[in-house]
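No value in this document is a laboratory result; all are computed from the given coordinates. The structure presented is a predicted model; accordingly, all values stated were derived computationally and were not measured. Here the Cβ is made from the backbone with ideal geometry for all residues, glycine too, and neighbour counts use every protein chain on show.
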Amino acid sequence: MLRIRKIVIRNALLVIVCCCILITEKSTAQETIGSGAWLGIDLKYKLSKKFDLNFCPQLRTITTPPQFGSLLLETGLDYDVAKNFSASAFYRFDIKPGAFQNRIYVDLSVQHKLNKKLTAELRVRIQRQFERNNLPDNYLRPKLSIKYKLNKKITPFISGELFYHVNYMGNEFDDFRFQPGINWALKNNMSLKTYYLLDYEFNVYAPGMQHIVGITFGKDW
């Protein structure tokens, strides 16, 4: 099992590196759509040794030009299946200007400790989104994260995520997200996550790129 985790994470890391190279090569010809700011809260309540209840609202704004982007209201359950392996199920209600969206998704995550301070995590998300007068959108989203525990308070991380669009017109990758950031451990089971997010679209009509800065406040009970 340990060897399988190493192989999967190594291959996922290779894919992420290739995507970063591709973005670098094409960024000169890619029109930048703009920038934004994401402000979130991550509240977690431990129901038992295996289950956690989550509530995660988030405000997404567009800064060029300044305007409201969306308000996300998300809730779900985390389940510790086994050591280094977990599963989650979530529901999201998305409020956008002139539109409402409903989303359900399931996450499967596996962690592998590379050394005492370095940890890699591979998460696969299966997602289905509904919007009135539109066909449902289905996505498969693999994400690889690597974090380094600098000390008890500070944990830098970096992640890459691909979006595989499953629809009636064909299946293809159409989005990539690259995210470096820092997790800050605070007092009383509180935390703060600060990050930069690069969102790069491709294989779609009028693809674009977004530069986003984000802050998420967390609290565990």
remark   = Any residue on another chain or 5+ positions along whose placed amide H is under 5 Å from the amide H of residue 218 is listed here as 42, 191, 192, 193
key: Cα-based reach from residue 96 at 29 Å (exclusive), listing lysines while leaving out same-chain residues under 8 positions away   = 44, 143, 193, 219
query = Quick one: Karplus J couplings for the stretch 114-129, per residue in order, coefficients 6.51, -1.76, 1.60, θ = phi - 60°, nearest Hz, x for Gly and Pro?
reply = 6, 7, 4, 10, 9, 10, 10, 9, 10, 10, 10, 10, 10, 10, 9, 10
The stretch 82-97 - phi-based ³J(HN,Hα) in whole Hz, Karplus 6.51/-1.76/1.60, Gly and Pro as x = 7, 4, 6, 9, 9, 9, 9, 9, 9, 10, 10, 10, 10, 9, 10, x
Which of 38, 221, 184 has the fewest Cβ neighbours within 10 Å, and the rest in rising order = 221, 184, 38
key: Amide H partners (placed H, <5 Å) of residue 36, local residues excluded   = 63, 211, 212, 213
query = When only C-alpha pairs under 8 Å and at least 6 residues apart count, what is the relative contact order of the chain, in percent?
reply = 17 percent
task = Please report how far the C-alpha centroid of the stretch 155-207 lies from that of the stretch 39-58, rounded to the nearest whole angstrom.
result = 20 Å
message = Could you derive backbone 3J(HN,Hα) for the stretch 200-216 from the dihedral phi with the Karplus parameters 6.51, -1.76 and 1.60 (θ = phi - 60°), listing whole Hz in sequence and x where the residue is Gly or Pro?
response = 10, 9, 7, 6, 9, 5, 6, x, x, 9, 10, 10, 10, 10, x, 9, 10
query = Counting only residues 5 or more places away or on other chains, whose amide H sits under 5 Å from the amide H of residue 166 once H atoms are built in the peptide plane?
reply = 138, 139, 140
ask   = All other residues with a Cβ under 14 Å from the Cβ of residue 163 taken together, and with Lys, Arg as +1 and Asp, Glu as -1, what is their net charge?
value = 0
